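Asker: Take a look at the following structure, please.
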Amino acid sequence: MLWVNLRRGVIVSAVFFVLLGLAYPLAETGIGQALFRHQAQGSLGANGSTLVGQQWKGAQWFQGRPDGDDPTATGGSNLGPRSKELVETYRKRVAALRKAGITPTADLVAASGSGIDPDISPAGAYAQVAAVAAARHLPAEQVRGLVAAHVHGPQLGFLGASHVNVLELNEALARLG
């Protein structure tokens, strides 16, 4: 009787190992590669990943959300709306944006909840057009057209809001010269 139960246990373990340890992960990987190839491959390019926000140094680049430089330090600051530290941080960010000739928008002032958001709103990108154009000695209309070409609509036409991927926009800006 002991050997019968042991054999059943080994067979059940082997079946579940094949199903859950091999078949399910392979099916999951196949679906990811077939339907979401860009995300499944990590979207890593020469200048970074389009899925992870990064900081850009200098007025000649579009700036993303003020999330920091460490992509492994994800998460919010846990500072509440009545936090004096948060209010002071926002005041400094607003002052720095105005000094650079940029009208502050919410996404240029507030960090994202994840700490690695690669996108900004179209309003945040358009607010930076004049400053970037001046720093690069380009016509503002040319830079504005570049932003317009990089505005992504909501997923499937209704999920989320329109956004601009800062890495893609800055790579296109670099190709302008």
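The values are calculated or read from the model by the stated rules, or taken from the named source; none is laboratory data. Please read all numbers here as calculations on a predicted model, not as lab measurements. Cβ placement follows ideal geometry from the backbone for every residue including glycine, while neighbour counts extend to all protein chains displayed. Just the protein is used for accessible areas: all its heavy atoms, side chains included, with ligands, DNA and RNA removed. Shrake-Rupley method; radii C 1.70, N 1.55, O 1.52, S 1.80 Å.
Asker: Yes or no: the range 69-77 includes at least one residue that is under 12 Å from the mean Cα position of the chain (by Cα) and farther than 21 Å from residue 104 by Cβ.
Answerer: Checked the range 69-77: at least one residue is under 12 Å from the mean Cα position of the chain (by Cα) and farther than 21 Å from residue 104 by Cβ.
Matching residues to (1) among the aromatic types (Phe, Trp, Tyr); (2) exposed (fewer than 10 other Cβ atoms within 10 Å of the Cβ); (3) within 27 Å of the chain's Cα centre (by Cα):
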position	(1), (2), (3)
3	yes, yes, no
9	no, no, no
13	no, no, no
21	no, no, no
25	no, no, yes
31	no, no, yes
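Asker: Among the residues in the range 102-113, are any under 30 Å from residue 29 (Cα atoms) and touching a residue at least 12 places away in the same chain (Cβ under 8 Å)?
Answerer: yes
Asker: If you don't mind, there's one more thing I want to ask. Out of the residues in the range 81-98 that are under 23 Å from the mean Cα position of the chain (by Cα), open to solvent by less than 70 Å² (accessible area, probe 1.4 Å) and not hydrophobic (A, V, I, L, M, F, W, C), state the one that is nearest to residue 131 (Cα to Cα).
Answerer: That would be 93.
Asker: Residues that are more than 15 Å from residue 56 (Cβ to Cβ), in a helix (DSSP H, G or I) and of a type in the set (Val, Ile, Thr): does the range 102-111 have at least one?
Answerer: Yes, the range 102-111 contains at least one residue that is more than 15 Å from residue 56 (Cβ to Cβ), in a helix (DSSP H, G or I) and of a type in the set (Val, Ile, Thr).
Asker: Being small (Gly, Ala, Ser) and crowded, with 17+ Cβ neighbours inside 10 Å narrows it down to one of 101, 48, so name that one.
Answerer: 48
Asker: Next question, about the same structure. Which pairs do you get when a residue that is at negative phi and modelled with pLDDT under 75, found in the range 71-92, comes within reach of a residue that is assigned to a loop (DSSP other than H, G, I, E, B) and not β-branched (Val, Ile, Thr), reach meaning Cβ atoms under 7 angstrom, with the pair 6+ apart or on two chains?
Answerer: 73/115
Asker: If we keep just the residues of the range 43-99 that are touching a Ser or Thr at 6+ places or on another chain (Cβ under 6 Å) and part of a loop (DSSP other than H, G, I, E, B), which is nearest to residue 126 (Cα to Cα)?
Answerer: Result: 65.
Asker: Quick check: is even one residue across the range 114-136 within 20 Å of residue 48 (Cβ to Cβ), within 14 Å of the chain's Cα centre (by Cα) and open to solvent by 50 Å² or more (accessible area, probe 1.4 Å)?
Answerer: Looking for residues that are within 20 Å of residue 48 (Cβ to Cβ), within 14 Å of the chain's Cα centre (by Cα) and open to solvent by 50 Å² or more (accessible area, probe 1.4 Å), one finds at least one in the range 114-136, hence yes.
Asker: Could you list all residues from the range 27-45 that are within 17 Å of residue 172 (Cα to Cα) and free of Cβ contacts under 8 Å to residues at least 12 places away in the same chain?
Answerer: The answer is 43, 44.
Asker: Would you be able to say whether some residue in the range 169-176 is at pLDDT 95 or above, touching a helix residue (DSSP H, G or I) at 6+ places or on another chain (Cβ under 6 Å) and surrounded by 20 or more Cβ atoms within 10 Å (Cβ to Cβ)?
Answerer: There is no residue in the range 169-176 that is at pLDDT 95 or above, touching a helix residue (DSSP H, G or I) at 6+ places or on another chain (Cβ under 6 Å) and surrounded by 20 or more Cβ atoms within 10 Å (Cβ to Cβ).
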